Amino acid sequence: MSSYQTIELKSTQKIEFIDITARVREMLRTGKSGSGILLVYTPHTTAAVTINENADPAVPHDIGEFLQRLAPQQDYFRHGEGNSPAHIMSSLVGASETLVVNNGEPILGSWQGIFFCEFDGPRQRRVFLKFIPG
Amino acid sequence: MSSYQTIELKSTQKIEFIDITARVREMLRTGKSGSGILLVYTPHTTAAVTINENADPAVPHDIGEFLQRLAPQQDYFRHGEGNSPAHIMSSLVGASETLVVNNGEPILGSWQGIFFCEFDGPRQRRVFLKFIPG
Amino acid sequence: MSSYQTIELKSTQKIEFIDITARVREMLRTGKSGSGILLVYTPHTTAAVTINENADPAVPHDIGEFLQRLAPQQDYFRHGEGNSPAHIMSSLVGASETLVVNNGEPILGSWQGIFFCEFDGPRQRRVFLKFIPG
């Protein structure tokens, strides 16, 4: 993988966790990545990347529902666009995750998947993948 | 350090912050790591890695107690295993931390330690260490 | 960039988000960094680094105000220094962010800026920058 690669996404809901594990695996294989680390980074300020269980869809549902109740719109917010809750969730969850890569495969736990987190959808979104050998 | 290394851990409580700073330092020294970065990653979806004060054990206690009260079990959760709070805490704190390494030593602040965060213990757990020179 | 570089900061408020994007860009250029990743790391346990919108100052204001109300001082805290809220915010937001770097420039989204987050100011603070080519 030279430079960095981009995953294009289309979210369909206000809050949505989109499993991108298969696309990350495929890009690592296509890039013949060897061993190193992989930075999975989203360039949006009302979105995030997280690693959590992708076997039971109830898990990302519960996380999204929790965040929505944790950070509702508030009278004291000054940002005029009305999406301060999404900016807050973005900083709480974080813009990126970094993975161990071995022989072109991400070393994930049995239950771990990689999610793009939409907090202000629906929108067209991107995730950057940057592999560093080592 | 070739490939990646594994720290084996045994948590003894439901919520527990285990200081792994000494083990991380030791593995870096044994691996004759030079300079670069170190990814400290946990492959579990009900755990996390954080960096915080390890001088006063009251600090990790207060963080754990806060998280437990922030994310209790809720009627609206759909995940049947009853550990959605632990999955939520995992995404809030994050599966990994990355450190600056100089001459085989992690560059930590005076008060910083590296913690494995158990949110659904007691369990047998693992942390992966991946050093990237640079 | 050999070894790692340090940004010196002086916060002036208890809770403050300081935009360090321009200084990060400048250090990457001066270091003739090429392509790779950049670790932006703060060595303090009552501070953090986040990526969020830096166009409207209301956004970091709203995030800081939210965190302050989310984690106020509590009777059950054991840490005697009275700054457990700041330690909690540090673990929620995280000690670092990692960026994609292409030809010496961080690949940020249109609205993304890099913030040092002060949670227990005013204080003299530092942020470490570590570039890894790849």
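The values are calculated or read from the model by the stated rules, or taken from the named source; none is laboratory data. Keep in mind the model is a prediction, meaning the values are calculated, not measured. Every residue, glycine among them, receives a Cβ derived from its backbone with ideal geometry; neighbour counts consider all protein chains shown. Surface areas here come from the heavy atoms of the whole protein model, side chains and all, with no ligands, DNA or RNA. Shrake-Rupley method; radii C 1.70, N 1.55, O 1.52, S 1.80 Å.
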Quick one: Cα centre-to-centre distance for the stretch C:1-21 and the stretch B:26-94, in angstrom? 25
Please work out whether the protein assembly as shown counts as rounded, prolate or oblate from its C-alpha gyration tensor, where a ≥ b ≥ c are the square roots of the eigenvalues and a/c under 1.5 means rounded, while otherwise a/b larger than b/c means prolate and anything else oblate? rounded
Scattering from the C-alpha atoms of chain B alone, worked out with Debye: what is log10 I(q)/I(0) at q = 0.15, 0.19 1/Å? -0.71, -1.04
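For an R0 of 35 angstrom, estimate the FRET efficiency from the Cβ-Cβ distance between B:Lys14 and C:Lys32 and round to the nearest 0.05. Provide the component values of the computation, followed by the final result.
Working: r = 50 Å, r/R0 = 1.43.
Efficiency for this residue pair is about 0.10.
Report the accessible surface area buried between chains A and C, summing both sides, using a 1.4 Å probe on protein heavy atoms only, in Å² rounded to the nearest 100. All intermediate terms of the calculation are to be shown ahead of the outcome.
Working: alone 7500 and 7500 Å², together 12430 Å².
Summed over both sides, the interface buries about 2600 Å².
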Shortest-first distances to equivalent copies, position B:Arg126, nm, label 7 Å out along Cβ: 3.5, 3.5
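Which of the peptides B:87-100, C:42-55 is most tightly packed, and how do the rest follow, going by the mean number of other Cβ atoms within 10 Å of each residue? Working shown, then result.
Working: B:87-100: 25.9, C:42-55: 24.0.
Most protected by this proxy first, the peptides run B:87-100, C:42-55.
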Distances from C:Ser3 to the same residue in each other copy, label points 7 Å out along Cα→Cβ, in nm, shortest first? 3.5, 3.5
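Across peptide C:121-131, how many C-beta atoms of other chains are within 10 Å of each residue C-beta, on average? Please list the in-between numbers first.
On the way: counts 0, 0, 0, 0, 1, 1, 0, 5, 1, 10, 2.
That average works out to 2.
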Once you average over the residues of B:81-87, how many Cβ atoms of partner chains fall within 10 Å of each Cβ? 4
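Grab the beta carbon distance between B:Asn103 and B:Ala55, set R0 = 30 Å, and tell me the FRET efficiency rounded to 0.05.
Working: r = 24 Å, r/R0 = 0.80.
After rounding to 0.05, the efficiency reads 0.80.
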Label point 7 Å beyond Cα along the C-beta direction, distances from B:Arg29 to other copies (nm, shortest first): 4.3, 4.3
Percent of accessible area on the stretch B:4-133 owned by carbon and sulfur, 1.4 Å probe? 46
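To one decimal place, what Kirkwood hydrodynamic radius in Å is obtained for the stretch A:4-57 from all pairs of distinct Cα atoms?
Hydrodynamic radius (Kirkwood, Cα pairs) of the stretch A:4-57 is 13.1 Å.
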For C:Arg126 and A:Ser3, FRET efficiency with R0 = 30 Å and r from the beta-carbon atoms, rounded to 0.05? 0.45
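Which whole-number percentage describes the relative contact order of the stretch C:4-133, with Cα contacts under 8 Å and a sequence gap of 6 or more?
Values: 263 pairs, mean separation 70.2, N = 130.
It comes to 54 percent, rounded to a whole number.
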Which listed residue (A:Ser3, B:Trp111, A:Ser90) has the Cα farthest towards the positive end of the charge dipole for the protein assembly as shown, taking +1 on Lys and Arg C-beta and -1 on Asp and Glu C-beta about the Cα centre? A:Ser3
Count, for each residue of C:63-71, the Cβ atoms from other chains sitting within 10 Å of its Cβ, then give me the mean as a whole number. 5
